[in-house]
Structure formats: C-alpha cells, structure tokens
Amino acid sequence: MSDVRQGVWPSPIDDPYANEVTQPFWDAAADGRLLGYRCDGCGTFISPPPPRCFQCQGTAFTWVDLPGGGTIYSFTVVRHPLAPYLQAAVPYVSAVVELDGTQGAGARLLVNVIDCDPDGVQIGDRVEVTFEKVSETLTVPRFRPRLG
Ligand SMILES: [Zn+2]
C-alpha cells in the first residue's frame, strides 16, 4: 500500500484487476500513456471496455493513445475517512472525467483529482492525467488541474 497523503486516495491493491482485454491499459499507464478503448466498427470510445459496442453492437476494439486531458463531468469531495488509516487522506476529490480525444459521453473515467483545493473544484474544470507508480505492477492514472 502506498503512503497516505492528503488529497490522494491510496491504492488498496498492488496489482491491477486486469485481464487480457484490460492489461494493455495498465501496461500503457506504467509507460506514462493514457489509452482509450475504441470500437473498430464505428469509432466510439467506451470506458470501461464492454463486450459489445453500445452504438453498433460491434465486438472488435482497439486501444489507442489519448492526449491525456479531460474535463470534470461530475465529482464529490470525500471528507469522512472510510477507514481509520485514511484520516490523513481526507479531504480528497473523486471525479468522473470526460477524456479528451473521445466523443465524451461513452469515455469517462472515475479518478482521483490531486494537487487541487477540494473546495475550489467545479464541474467543467480542465484537468490532465498524471501517473503514480504504486507498485512494481500497478501505475494509477490520476488527474490534476490543467494549467494554461
Ligand atoms: Zn461501434
């Protein structure tokens, strides 16, 4: 488990919950790249990877690099520690981010927004991905306010 720092949700795991479909996402994260899962049939990005595209029912998908920016679609500020050891982590921001380079609605990630004032976060804020290596096999994508 990683150190508990204010504003940062510590990863409770050391290995990603991955399978042959999702492992490329985690491999890319370890390499500092954010991937999106795109339908080969119609180009729709979908997150998390589904068995079928919700637009065209296609079953073929390709992981592609995304630019790494995003927009806060929704968020909450967690102020109550869910376990005693999380006392040092609160308050932290948990947000749904629409990913740049996708069509938006189907490609959102639930992420921890770090390096921010939790009381200043707003829907529509621009953010960018940053990666935190928490173990030899797990690198967690987080987002932080985008400057400029
Ligand atoms: Zn499709």
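Would you kindly calculate the translational diffusion coefficient of the stretch 23-145, applying Stokes-Einstein with the Kirkwood radius from alpha carbon pairs, for 37 °C and a viscosity of 0.692 mPa s, and quote it in µm² s⁻¹ without decimals?
Using the Kirkwood radius from Cα pairs, D works out to 214 µm²/s.
For A60 paired with H80, estimate the spin-label separation in nm (one decimal), with each label point 7 Å from Cα along the Cα-to-Cβ line.
Using points 7 Å along Cα→Cβ, the separation is 5.0 nm.
With a cut-off of 8 Å between alpha carbons and a minimum separation of six or more residues, what is the relative contact order of the stretch 23-145 in percent?
It rounds to 25 percent for the stretch 23-145.
Can you work out ³J(HN,Hα) from phi for every residue in the stretch 16-26, in order, using Karplus 6.51 cos²θ - 1.76 cosθ + 1.60 and θ = phi - 60°, giving whole Hz and x for Gly and Pro?
x, 7, 10, 9, 5, 7, 9, 4, x, 4, 6
Along the Cα→Cβ direction, 7 angstrom out, place labels at Q122 and D3. What is the inter-label distance in nm?
Label-label distance for Q122 and D3, simple model: 3.4 nm.
Which cysteines does the chain leave without a neighbouring Cys Cβ under 4.7 Å?
C116, each lacking another Cys Cβ under 4.7 Å.
Report the full-extension gain for the segment T137 to E20: residue separation times 0.36 nm, less the Cα-Cα distance, to one decimal in nm.
Length gained, T137 through E20: 40.6 nm.
Taking the Cα centre of the stretch 87-148 as origin and charging only Cβ (+1 Lys, Arg; -1 Asp, Glu), how large is the dipole, in debye to the nearest 20?
Roughly 100 debye for the stretch 87-148.
Could you work out [θ]222 nm for the chain from helices alone, using -39500 (n - 2.57) per DSSP H run of at least four and dividing by all its residues? Round to the nearest 500 deg cm²/dmol.
-1500 deg cm²/dmol
Per-residue counts of other Cβ atoms within 10 Å, averaged by peptide: what ranking do you get for 115-124, 71-80, 26-35, highest first? Show your work: numbers first, answer last.
Values: 115-124: 11.6, 71-80: 14.6, 26-35: 17.0.
Going by the mean number of other Cβ atoms within 10 Å, highest first, we get 26-35, 71-80, 115-124.
How large is the charge dipole for the chain, taken about the Cα centre, if only the Cβ atoms of Lys, Arg (+1) and Asp, Glu (-1) carry charge, to the nearest 20 debye?
340
Enumerate the amide H contacts of V134 below 5 Å, restricted to partners 5 or more residues apart or on another chain; note that Pro and chain-start residues carry no placed amide H.
T139, V140
Values quoted throughout were computed directly from the atomic coordinates according to the rules given, and no laboratory measurement underlies them. If you're wondering where the values come from, they're calculated on a predicted model, not measured in any experiment. Note that each Cβ is placed from the backbone with ideal geometry, even for glycine, and that neighbours are counted across all protein chains shown.
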